[in-house]
Amino acid sequence: NSGVVCLLRPLLLDVVPSIRQTTALALGRLADYDVDLAEAVVKAGILPQLICSLPEENRYYKKTAAFVLRAIAKHSPQLAQAIVQCGALEMLVICLEDFDPGVKEGASWAFGYIARHNPELSQAVVDAGAVPLLVLCIQEPEIALKRIAASTLSDISKHSPELAQTVVDAGAIAHLAQMIPNPDAKLKRQVLSALSQIAKHSVDLAELVVEAEIFPVVLTCLKDSDEYVKKNGATLIREIAKHTPELSQLIVNSGGVAAVIDCIGSCRGTVRLPGIMTLGYVAAHSENLSMAVIVSKGIPPLCVCLIEEHEDHIKAAAAWALGQIGRHTAEHARHVAVANVLPTLLNIYVDTRSSEDLKMKASIFKALKNILQKCTHLPALEPLLHEAPPNIMKHIIGQFSKVLPHDSKARRLFVTTGGLKKVQEIKAEPGSLLQEYINTINNCYPEEIVR
């Protein structure tokens, strides 16, 4: 408010290097503070002055100038665009070629903050020629530089298959994959994130990541003491599993499903989410892959997530995964049903608290429907007759009408446990599918028993 930004501007051109540098630092700290101050720095015409003499400046000034650009770029795509327009990217590329690791680190960081906003800004970073230099940075000995460069490659890759391909073409995958066993947790986080952002876009890109022999070494990350390493490791596996049955089979063969199940059991909250999704994707591909999840004892921990987790989106993901496991055959559905999953899902569905989130309700309903449509294990279905709402009751009664005509033991049990009595209490629309199911069930018994 006192016009400090305008007072600082001429000092960027001072003859004393330490004054230029300290001025840049002051501007960087102002811009870093909030979006309004960053806009004030841009409007004051600081950027052209900041970078005009950058190639001749010393390393301290270069580092500080990169900090100013990063501090401005982080706030919004518009501010990042202002940096691109004033020609700063060319200057940042010069900094990436500097011999000083701190200068390279500052430039990498600034590129990351510009690229993360949207595909257009990310493309501008690519067009400036930053990617091959960032790939060189991840090969440098300094851990801090490796971290920031890997993070920036992740920010570039995330927007589109084309941008990810640019990173791949620069040879990034092999170098990133080699760093998965690195003991530094923060580096591992960024490396796993970058590989995930590449693998997520297409089958071809996922296959290239797999070909860098990330299995089985990536599975060790699921046991890491750092929660983010765990989460990013599981995310990478998820991004590979989702594409094809072949890639999912490869994960199963390397012991990946068992490792993911252990990981879900050993953590809480959002760290669980990518692991839950992985099991759902693997199971969705085929009967055999779904059975692999069942055999690895994947159902109980998913059921635990339904009960323990408070966040709706995690519950919904666990329900979706269970639906994918149970939807293939009666045998698959039986495994899900005997784990007591159906009453748990039903309780969440009818729970008043969960009724507010319609998306959550829809995913629970879909999971129930997926399992119920294949489930012929009547002992698991019968308790549901007493509490299911009409839209779910229809699917339950439908399964009874399938099984009872062909199974005399089930017919006897259905009477003695009060199931048949419950069916008589259901009010169905005449001529509806539910009424048809009820008629089919009643026709299995003599009239006096039905009465």
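The values are calculated or read from the model by the stated rules, or taken from the named source; none is laboratory data. Keep in mind the model is a prediction, meaning the values are calculated, not measured. So basically every Cβ, Gly included, is an ideal-geometry build from the backbone, and we count neighbours across all protein chains shown. Just the protein is used for accessible areas: all its heavy atoms, side chains included, with ligands, DNA and RNA removed. Shrake-Rupley method; radii C 1.70, N 1.55, O 1.52, S 1.80 Å.
Things worth noting here:
- Test result for Ala337, assigned to a helix (DSSP H, G or I), within 21 Å of Leu385 (Cα to Cα) and modelled with pLDDT of 90 or more: yes
- Enumeration of residues in the stretch 137-192 that are over 22 Å from Glu207 (Cβ atoms) and polar (S, T, N, Q): Gln139, Ser151, Thr152, Asn182, Gln190
- Within the stretch 207-246, the set of residues being farther than 12 Å from Tyr281 by Cβ, open to solvent by 50 Å² or more (accessible area, probe 1.4 Å) and over 15 Å from the mean Cα position of the chain (by Cα) comprises Glu207, Leu208, Glu211, Glu213, Pro216, Thr220, Lys223, Ser225, Glu246.
- Number of residues in the stretch 30-78 that are of a type in the set (Phe, Trp, Tyr) and under 38 Å from the mean Cα position of the chain (by Cα): the value is 2.
- Under the condition of being assigned to a helix (DSSP H, G or I) and either in contact with a Ser or Thr (Cβ under 7 Å, 6 or more places away or on another chain) or open to solvent by 10 Å² or more (accessible area, probe 1.4 Å) (or both), the residues counted in the stretch 263-274 number 7.
- Considering only residues in the stretch 26-36 that are in contact (Cβ under 8 Å) with a residue 24 or more places away in the chain and open to solvent by less than 60 Å² (accessible area, probe 1.4 Å), the one that is farthest from His75 (Cα to Cα) turns out to be Leu27.
- Single match in Asp36, Asp14, Asp100 (criterion: farther than 25 Å from Cys137 by Cα, among the acidic types (Asp, Glu) and in contact with a helix residue (DSSP H, G or I) (Cβ under 6 Å, 6 or more places away or on another chain)): Asp14
- Residue in the stretch 190-204 that is surrounded by the most Cβ atoms within 10 Å (Cβ to Cβ), counting only those that are more than 12 Å from Thr235 (Cβ to Cβ) and out of contact with any Ser or Thr (no Cβ under 9 Å at 6 or more places or on another chain): Ser202
- Residues (within 44 Å of the chain's Cα centre (by Cα) and within 20 Å of Asn58 (Cβ to Cβ)) located in the stretch 9-23: Leu12, Arg20, Gln21, Thr22, Thr23
- Taken over the stretch 416-436, the criterion of being closer than 20 Å to Pro383 by Cα and open to solvent by 60 Å² or more (accessible area, probe 1.4 Å) is satisfied by Thr416, Thr417, Lys421, Gln424, Glu425, Lys427.
- Hits in the stretch 379-401 - residues which are assigned to a helix (DSSP H, G or I), in contact (Cβ under 8 Å) with a residue 40 or more places away in the chain and of a type in the set (A, V, I, L, M): Ala380, Leu381, Leu384, Ile392, Met393, Ile397
- Residue match in the stretch 70-82 (condition: β-branched (Val, Ile, Thr), open to solvent by 20 Å² or more (accessible area, probe 1.4 Å) and out of contact with any Lys or Arg (no Cβ under 8 Å at 6 or more places or on another chain)): no
- Test: Met277 is assigned to a helix (DSSP H, G or I), out of contact with any Pro (no Cβ under 6 Å at 6 or more places or on another chain) and either open to solvent by 40 Å² or more (accessible area, probe 1.4 Å) or without any contact (Cβ under 8 Å) to a residue 24 or more places away in the chain (or both): yes
- With respect to being surrounded by 15 or more Cβ atoms within 10 Å (Cβ to Cβ), in a helix (DSSP H, G or I), of a type outside the set (Asp, Glu) and modelled with pLDDT under 95, Val260 falls outside the description.
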